[in-house]
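In what follows, a structure is listed as structure tokens, so that the remarks can point back to it.
The values are calculated or read from the model by the stated rules, or taken from the named source; none is laboratory data. Bear in mind the structure is a predicted one, so any value in this text is a computation, not a measurement. Note: ideal-geometry Cβ built from the backbone for every residue, glycine included; neighbour counts use all protein chains shown. Heavy atoms of the whole protein, side chains included, go into the accessibility calculation; ligands, DNA and RNA do not. Shrake-Rupley method; radii C 1.70, N 1.55, O 1.52, S 1.80 Å.
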Amino acid sequence: EWTYRYRLHWAADDPFPGPLARVAATWTGRGGFGPPRPRNLRRVVIDFEGETVADLPETARTEIEVVVSPQRGRIVKPYSHRLVGTKRWRGIFEIELPDRDPVDVRAYLRLNGRPLTETWIGQLMVPE
């Protein structure tokens, strides 16, 4: 017989946040510029907020890496920038999807080999 003790929390914010910046918002849509825009190219925009990114200057964008790990597909144009007037940092990338099957993707921001943010996890696919 095993005895377990645990506590569950339901809240808008994590009651015990970690040291890394957290995902604040995510947007996805068609990538590229057009018309026409390729159906298999998806753009992902992720906003992060937290102490590790709050005071980074805009000039850090040349040093911050948007680390993207897709299950399949090719990453196009990853970059990041500070959101003017906020303490948020935005990571942006496009992914060329190889087929109509869903693709699992992981992304985070890194500076000097150390993570700045938690890892965003998403699943993308070519729209119908």
Examine segment 53-62 for a residue that is crowded, with 17+ Cβ neighbours inside 10 Å, part of a strand (DSSP E or B) and in contact (Cβ under 8 Å) with a residue 40 or more places away in the chain, and state whether such a residue exists. no
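Kindly evaluate Arg7 against the criterion of being surrounded by 10 or more Cβ atoms within 10 Å (Cβ to Cβ) and more than 22 Å from the chain's Cα centre (by Cα).
No, not satisfied.
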Could you please give the count of residues in segment 1-34 that are under 25 Å from Leu83 (Cβ atoms), free of Cβ contacts under 8 Å to residues at least 12 places away in the same chain and not charged (D, E, K, R)? 3
Of the residues that sit in segment 35-52 and are assigned to a strand (DSSP E or B) and farther than 22 Å from Lys87 by Cα, which one is most open to solvent (accessible area, probe 1.4 Å)? Arg43
Quick test for you: out of Arg82, Arg110, Arg74, pick the one residue that is buried (at least 17 other Cβ atoms within 10 Å of the Cβ), modelled with pLDDT of 95 or more and in contact with an Asp or Glu (Cβ under 8 Å, 6 or more places away or on another chain). Arg82
Going by what's in this entry, would Val66 be described as surrounded by 17 or more Cβ atoms within 10 Å (Cβ to Cβ) and under 12 Å from Phe48 (Cβ atoms)? yes
Segment 85-107, residues that are in a loop (DSSP other than H, G, I, E, B), under 13 Å from Arg42 (Cα atoms) and open to solvent by less than 70 Å² (accessible area, probe 1.4 Å): Leu97, Asp99, Pro102
Here are some residues: Gly32, Gly18. Which one is part of a loop (DSSP other than H, G, I, E, B) and at positive phi? Gly32
Would you be able to say whether some residue in segment 18-26 is at pLDDT 90 or above, farther than 21 Å from Tyr79 by Cβ and either acidic (Asp, Glu) or touching an Asp or Glu at 6+ places or on another chain (Cβ under 9 Å) (or both)? yes
